[in-house]
Amino acid sequence: WKRIPMSIKDAQANVVSYTGIDSNSSWAFSAQSGRTLSKPAGSWTDSTVWSPGGIPTSADSVIIPNGYVITLDAGHHAIIGSINIEGTLTVAGSDTLFVFGNWNNTGTFNSGNGIVIFDSADQKLGKGTFHNLLLRGSGVKSLSESLKVTNDFSIQGVNFNDNGNVVHLGGNLSLASS
């Protein structure tokens, strides 16, 4: 057999095709469900703004592309896996955003009066300004950049590693073993 590699990636359909595989080829694949915005602006709870369609869940890795704006409307909570904010995410009220994966923010996060809860095993937190922040679950919560908490910051039963980054705190710090 002769290997003639060719790959085609269709990001919209989340499909990768590879031809020209020979008898010595071995492959390992893993995938994580993901959602990105299909419209430049919209409400988090509108399933039509997400691609593929449907409101993100704890199994989803969410991407908010540069130039896109999504708002978590007042009176709603959101649950996600990892998040990559390149555009803008705004929490309109005092709602809760549950994060079960990593947080990467190169865009804008407007936290409103809400709380962001990191509630899983080892997680990485990038930059952000949070109104209230709660770290719980298990493992280690690690900062990859400095962050700001304008109100209360709680650490419950997890190890926290600032990795030499600064945490600016405008309210209370609460530490609990469980």
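No lab work stands behind these numbers, since they all come straight from the coordinates. Just so it is clear, the model here is predicted, and its values are computed rather than measured. Here the Cβ is made from the backbone with ideal geometry for all residues, glycine too, and neighbour counts use every protein chain on show.
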Determine, from the Cβ-Cβ distance of Asn151 and Ser47 and an R0 of 22 Å, the FRET efficiency 1/(1 + (r/R0)^6), rounded to the nearest 0.05. 0.10
For region 20-176, what value does the Rg/Rh ratio take when both radii are computed over Cα atoms and Rh is the Kirkwood radius, given to two decimals? 1.03
Ellipsoid semi-axes in whole angstrom, largest first, where each is sqrt(5λ) of the Cα gyration tensor of region 51-112: 15, 15, 11
Tell me, Kirkwood radius of region 95-178 from alpha-carbon pair distances, in Å? 12.5
Whose amide H sits under 5 Å from the amide H of Gly128, counting only residues 5 or more places off or on another chain, with H placed in the peptide plane? Lys148
Can you list the residues, at least 5 places off or on another chain, whose amide H is less than 5 Å from the amide H of Gly112, using H built in the peptide plane? Val91
Using θ = phi - 60° and the Karplus curve 6.51 cos²θ - 1.76 cosθ + 1.60, what whole-Hz ³J(HN,Hα) does each residue of region 108-114 get, with Gly and Pro shown as x? 10, 10, 9, 7, x, 9, x
